[in-house]
């Protein structure tokens, strides 16, 4: 078996789940992570969600060696929304500025 290091992921990360190669992505929450697989809670609009155990990363070469692993699907990073990152930076700046102004206000 190959010496594969799964990309880092932690409990609570949002990722994409693919039921199979070429399937459309489904947003999923990491509910457990081990050395080589994750357990995901895949969001299903109108249904809630479903647990997906033993999910391997898209780049894991072991799925070619152990074909049965493909039945569990694949995960990959969900791209970050650049608008959310910009908004987060603006909020942080405003919080810092408010704190500075409050420090200068006479008491």
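Since every read-out is calculated from the coordinates, none of them should be taken as a lab result. Note that the coordinates shown come from a computational prediction; the quantities given were computed from them, not determined experimentally. Here Cβ is always computed from backbone atoms with ideal geometry, including for glycine, and neighbour counts include all displayed protein chains.
Overview of results
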| quantity | calculated |
| --- | --- |
| Over the chain: helical MRE at 222 nm, DSSP H runs n ≥ 4 each giving -39500 (n - 2.57), nearest 500 | -8000 deg cm²/dmol |
| Proxy reagent accessibility, fewest Cβ within 10 Å first, across 78, 52 | 78, 52 |
| Taking 21, 15 and counting other C-beta atoms within 10 Å, the order from fewest to most | 21, 15 |
| Coordinate range along principal axes, alpha carbons of the chain, Å, largest first | 70, 38, 21 |
| Spin-label pair residue 4/residue 104, simplified geometry with 7 Å Cα→Cβ offset, distance in nm | 5.6 |
| Burial ranking of peptide ranges 38-50, 59-71 (average Cβ count within 10 Å, highest at the top) | 38-50, 59-71 |
| Computed over segment 14-79: relative contact order in percent, which uses C-alpha pairs under 8 Å that are six or more apart | 35 |
| Order of 91, 26 - criterion: other Cβ atoms within 10 Å of each residue's Cβ, fewest first | 91, 26 |
| Length gained when the stretch residue 23-residue 65 is fully extended (0.36 nm per residue, less Cα-Cα span) | 13.0 nm |
